[in-house]
Amino acid sequence: MLNSTQFIQDLIGISSLIRQYVGQVIVVKYGGSAMQDESLKKTVIDDILFLHLLGIKIIVVHGGGPIINQWLYKCNIKPSFENGVRVTDEKTMEIVQMVLEGKVNKDLVSMLNLFGNYAIGLSGRDLNLIHASPLSSNKNDFVGTVNNVDPKILTSLLNDGYIPVIASIASDSMGRIYNINADVVAGALAKALKAEKLIFLTDTFGIMSDIANPNTLLKTLNVPQVLDLKRSNVISGGMIPKVDCCIDVLNSNVRSVHIINGCLHHALLLETLTSERIGSMLTL
Ligand SMILES: Nc1ncnc2c1ncn2[C@@H]1O[C@H](COP(=O)(O)OP(=O)(O)OP(=O)(O)O)[C@@H](O)[C@H]1O
Ligand SMILES: [Mg+2]
């Protein structure tokens, strides 16, 4: 009885948080590194569905780095990265496209749809949601960036009560396809949809001042602090595109960006529905 009463009190306690989010857009970037354990993946799916059922408009943008690497190795291609961004030649592009649009996207959609018709999978190519352009002038480099977002399809899907799940592939006006870092896509969609929050689910506790020591997690940071950490190389690798994108979206009126550990059970709910939170929250 006492437990039930406590449960109801806790529910009432979070109702003010819920009220703040209902009807708002939250973009969740689900990183490939946090996707490798199937039981954890299941709790991420549960959290997304729970937030959706609360009336929050959730968009999921996914990565797939480790799974892409597995398939590259199967094809005797050695993955390579520069400043946290995958070097993508034509062969790599073909595999990135097949893994992200064909496997990771549809696997997530199937899991979200196990209990009802909740999710639909898209990439930037569907209805030209994202118009891409190349990051370099090298013809053999298929790394792209977001040139423009046409959010109409996302707005109608969200208004109809669906969860769009987006793979970070897009094409340019000539139909040439590009691999875009999923952090960049998540940021561009958060901006275009005037999201309340952008949440990165990754494989680390958040931003740490010593990457090897979780006790150095920085729970609250502002943009000048992030720039300092970048300058002093405390932020490196895959964290670079993430924080660049954080700064960009915060400057475009997204209220907060969170970097949290998708390898912890129910990280999404702990970050959004508890006042203690578990990850790093970045604000202007
Ligand atoms: N200061 C820092 N604090 C925490 N992590 C950091 C820091 N600097 C660099 N990192 C690295 O950033 C990594 C997260 O980025 P990464 O690109 O690997 O994951 P992801 O974006 O979630 O996955 P994907 O790119 O597949 O979508 C961490 O695993 C960590 O090694
Ligand atoms: Mg990454």
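The values are calculated or read from the model by the stated rules, or taken from the named source; none is laboratory data. Source: prediction; values computed, not measured. Here the Cβ positions follow ideal geometry from the backbone for every residue, glycine too, while neighbour counts run over all protein chains shown. The area values use the complete protein model at the heavy-atom level, side chains included, leaving out ligands, DNA and RNA. Shrake-Rupley method; radii C 1.70, N 1.55, O 1.52, S 1.80 Å.
Tallying residues that are more than 16 Å from ligand 2 (Cβ to nearest atom), in contact (Cβ under 8 Å) with a residue 40 or more places away in the chain and of a type outside the set (A, V, I, L, M) within the range 179-209 yields 4.
Of the residues making up the range 217-241, those that are part of a helix (DSSP H, G or I) and in contact (Cβ under 8 Å) with a residue 60 or more places away in the chain are 223, 239, 240, 241. Filtered by the rule that a residue be within 30 Å of residue 68 (Cβ to Cβ), more than 16 Å from ligand 2 (Cβ to nearest atom), of a type in the set (S, T, N, Q) and surrounded by 10 or more Cβ atoms within 10 Å (Cβ to Cβ), the range 1-44 gives a lone residue, 43. Within the range 251-270, the only residue that satisfies the criterion of being within 16 Å of ligand 2 (Cβ to nearest atom) and open to solvent by 50 Å² or more (accessible area, probe 1.4 Å) is 263. All of 195, 186 fail the test of being under 15 Å from residue 26 (Cβ atoms) and over 12 Å from the mean Cα position of the chain (by Cα), apart from 195. Scanning the range 191-216 for residues that are in a helix (DSSP H, G or I) and more than 15 Å from ligand 1 (Cβ to nearest atom), which turns out farthest from residue 264 (Cα to Cα)? Ranking the candidates gives 192 first.
Where helices (runs of 4 or more DSSP H) sit wholly within the range 1-120, those with at least 3 residues that are under 18 Å from the mean Cα position of the chain (by Cα) occupy 38-53, 65-74, 105-112.
If you go through the range 140-157 and keep only what is open to solvent by 20 Å² or more (accessible area, probe 1.4 Å) and part of a strand (DSSP E or B), you end up with 145, 146, 147, 148, 149. Filtered by the rule that a residue be open to solvent by less than 20 Å² (accessible area, probe 1.4 Å) and more than 20 Å from residue 85 (Cα to Cα), the range 158-186 gives 158, 163, 164, 165.
Determine whether the range 53-64 contains at least one residue that is open to solvent by 50 Å² or more (accessible area, probe 1.4 Å), at pLDDT below 95 and within 16 Å of ligand 1 (Cβ to nearest atom). The answer is no; no qualifying residue exists.
Selection of the range 69-122 for residues being farther than 30 Å from residue 159 by Cβ, among the hydrophobic types (A, V, I, L, M, F, W, C) and open to solvent by 20 Å² or more (accessible area, probe 1.4 Å) yields 71, 75, 77, 81, 85, 87, 98.
Across the range 220-244, the number of residues qualifying as within 10 Å of ligand 1 (Cβ to nearest atom) and either closer than 18 Å to residue 61 by Cβ or at pLDDT below 95 (or both) comes to 8. Sub-7 Å Cβ pairs linking a first residue in the range 80-94 that is within 16 Å of ligand 2 (Cβ to nearest atom) to a second residue that is open to solvent by 100 Å² or more (accessible area, probe 1.4 Å), at least 6 apart or interchain, are 87/81, ordered by first then second residue. The number of residues in the range 187-219 being under 22 Å from residue 60 (Cβ atoms), open to solvent by 60 Å² or more (accessible area, probe 1.4 Å) and either modelled with pLDDT of 95 or more or of a type outside the set (D, E, K, R) (or both) comes to 3. For beta carbons closer than 8 Å, sequence separation of 6+ or different chains, a first residue in the range 37-52 that is over 11 Å from residue 262 (Cα atoms) and a second that is among the hydroxyl-bearing types (Ser, Thr, Tyr), the qualifying pairs are 49/118; 51/21; 51/272; 52/118.
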